[in-house]
1. Suppose we keep only residues that are in a loop (DSSP other than H, G, I, E, B) and closer than 20 Å to Phe363 by Cα within segment 258-291. Which one would you say is most open to solvent (accessible area, probe 1.4 Å)?
2. Modelled with pLDDT of 95 or more, open to solvent by 60 Å² or more (accessible area, probe 1.4 Å), of a type outside the set (D, E, K, R) and within 17 Å of Val400 (Cβ to Cβ): which single residue out of Ser131, Ser93, Ser62, Ser122 fits that description?
3. Go over the candidates Ser320, Ser326 one by one and state the one that is open to solvent by 50 Å² or more (accessible area, probe 1.4 Å), at pLDDT 95 or above and farther than 24 Å from Gly130 by Cβ.
4. Tell me, which strands (runs of 3 or more DSSP E) lie completely within segment 108-155 with 2 or more residues that are more than 28 Å from Asp193 (Cβ to Cβ)?
5. Among the residues of segment 377-389, what is the count of those that are open to solvent by 20 Å² or more (accessible area, probe 1.4 Å), assigned to a loop (DSSP other than H, G, I, E, B) and not aromatic (Phe, Trp, Tyr)?
6. Within segment 158-173, which residues are crowded, with 20+ Cβ neighbours inside 10 Å and either over 29 Å from Ala194 (Cβ atoms) or among the basic types (Lys, Arg) (or both)?
7. Can you tell me which residue in segment 468-484 is surrounded by the most Cβ atoms within 10 Å (Cβ to Cβ), limited to those that are among the hydroxyl-bearing types (Ser, Thr, Tyr) and part of a helix (DSSP H, G or I)?
Amino acid sequence: MVLVASLLLASAAAHADETPTTGKPADSDKATADAKFKESIASETEAGWARAPVTEAATTTSHVITAGGRVMKYQATAGTLTIRSEDAKPTASVFYVAYTLAGTAPGTRRPITFFYNGGPGSSSVWLHMGSFAPMRVQTGGPEYIHPAPYPFGPNPDTLLDKTDLVFIDAIGTGYSRPLGDATGKDFWGVDQDADAFTRAIMRYVTKNGRWNSPKFLFGESYGTTRSAAVAYQLQDRGMALNGVILLSSILNYGIEQSGYDQGYISYLPSYAATAWYHKRLANPPATVEAAVASARVFAAGPYAAALARGQTLSAADRDSIAGQMSALTGLSADFIKRANLRVDLDRFQKELLRDQRQTVGRFDSRYTGVDADAAGSSPDFDASDTAISGAFIATFSDYVIHELGYKTELPYRVSAYGLKGFDWDWKHKAAGGQYPQNNPNVAADLAAAMRTNPYLKVLSLNGYYDMATPFFATEYDLGHMMLEPAQQKNLSFQYYPSGHMIYLNPAALRQLHADLSAYYDDAVAAASSTVPSGTPAIATTGRAAHTPAPGSRKMNIP
């Protein structure tokens, strides 16, 4: 009995020892299986994670277009440029689409132009799909584009007859992305952005052998801010430009600050043009040009002087100024006086057609919108923006994949707005400045570029109905670069019956092409001259002084 009991106790002890031992491997196996499953999911996610390429990618397709009575064979290249830090570390992949005439080889002297929109934080889909590329969205007057299918086809006003075209997307927009441990914030600022574009342009020029080509920048809106800074940076790094084209400009953000009256002065001619277009003037002149001319004189003279007096302006003078403003802008004198003679843009947009329960657009004041509340103080939306967005975005999304053949899993970002960390750094170290500016005035950079390169031609393109970047503000900014007479002759202006995106107006687009054709011819010819335009000739014994060839039709700054 004792022996049996001993055996039973030994067996029980053995089983007691086995229970935790056999349990542990089961738990361990489950944990291992969970870890392997999570690792598998992570690997699958990692494999499917779309990233911008570090190695530059490019897809080239061949096309043909007939424009201006000329048949042009061209190549379209959609690809990426890898920009690097000073120690050659890749920092960003920059997406571009280039259009070059067939047969263009490295070393060519054919002009090349780099295009981009602004924002800041916008892709270049607007210029790309609407302006001078060989294909464009077919737009009409100030009207809403209907839903799909959208009119898209050959562009008879393409600039391919004058220059190769490269459209570049800012980092964080389009398919452009930071690389490695770089983040969007490394590029989202006035100087950071200008540096990135400078590097991208230099990379494209080097990669494609375009150092000997006449080179131009073409920026729209904030893109003009970028162009002014990039022009100086490129030249500071050894790349001299032939021209800078400023479409719907904003160069000096300092005068936009609250408490400064220059903004109100700058808007008044645009208000007059808008009132003229919508037939709100009691005694309208025959043309928008005449309406604007009168408003310019008043804004720079009596109006500026009255605002400068601030609260010390007498009641009689206040009444007089309000009456004159009313005649020019279509707003009531009473409304103007209640606004202290300072009518903000959003109030003007809402007030001009209030009796018709309509608002006017900001990008193009010819467009009208309808708000839910006609008694409000500002529009609910910009009618000129919503009117075109769908067509441009949808058309590009189809075109880049199915016609240009560019393949990527990345989403195309029309804008960087709303992205984590998108908070633009507005500080700017201007050329020759000792301290950073809190609000950039890049006109100083452009002026420095024009002084150091006496061949640099700057062309300002302006829409009368653009109330996002009013033309009178552009005239002020460019007119205060303190250029010498020789450099002033390199600065010219053109005006069109259109809004911010001048090219949306087919008639204006045709005139744009004509004006730009003359501009390119003039700028390229000037680079071949032994003496820059406007530079006094050096007297030499026995040889006649050089006389510069006459320039293209243009309006020089007063």
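1. This residue is Lys279.
2. Of Ser131, Ser93, Ser62, Ser122, the one residue that is modelled with pLDDT of 95 or more, open to solvent by 60 Å² or more (accessible area, probe 1.4 Å), of a type outside the set (D, E, K, R) and within 17 Å of Val400 (Cβ to Cβ) is Ser62.
3. Matching residue, one of Ser320, Ser326: Ser320.
4. Numbers: elements: 112-116, 135-137, 152-154.
Ranges flagged: 152-154.
5. Step one: filter segment 377-389 for residues open to solvent by 20 Å² or more (accessible area, probe 1.4 Å), giving 377-382, 385-386, 389.
Filter once more, so that each one left must be assigned to a loop (DSSP other than H, G, I, E, B): 377-382.
Now restrict to residues that are not aromatic (Phe, Trp, Tyr): 377-380, 382.
Adding up the residues that qualify gives 5.
6. Answer for segment 158-173, where residues must be crowded, with 20+ Cβ neighbours inside 10 Å and either over 29 Å from Ala194 (Cβ atoms) or among the basic types (Lys, Arg) (or both): just Lys162.
7. At the first step, the residues of segment 468-484 found to be among the hydroxyl-bearing types (Ser, Thr, Tyr) are 469, 474, 476.
Within this subset, residues satisfying the condition of being part of a helix (DSSP H, G or I) are 474, 476.
On the way: Thr474: 24, Tyr476: 18.
Here the answer is Thr474.
Table: residues versus (1) in contact with a His (Cβ under 8 Å, 6 or more places away or on another chain); (2) at positive phi; (3) part of a helix (DSSP H, G or I).
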| site | (1), (2), (3) |
| --- | --- |
| Gln434 | no, no, no |
| Ala444 | no, no, yes |
| Ala447 | no, no, yes |
| Met450 | no, no, yes |
| Tyr455 | no, no, no |
| Ser460 | no, no, no |
| Asp466 | yes, no, no |
| Ala486 | no, no, yes |
| Phe493 | no, no, no |
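The values are calculated or read from the model by the stated rules, or taken from the named source; none is laboratory data. Predicted, not measured: the structure shown is a model, and the values here were computed from it. No Cβ is skipped: glycine too gets one built from the backbone with ideal geometry, and neighbour counts run over all protein chains shown. Protein only, heavy atoms only, side chains kept; ligands, DNA and RNA dropped before computing areas. Shrake-Rupley method; radii C 1.70, N 1.55, O 1.52, S 1.80 Å.
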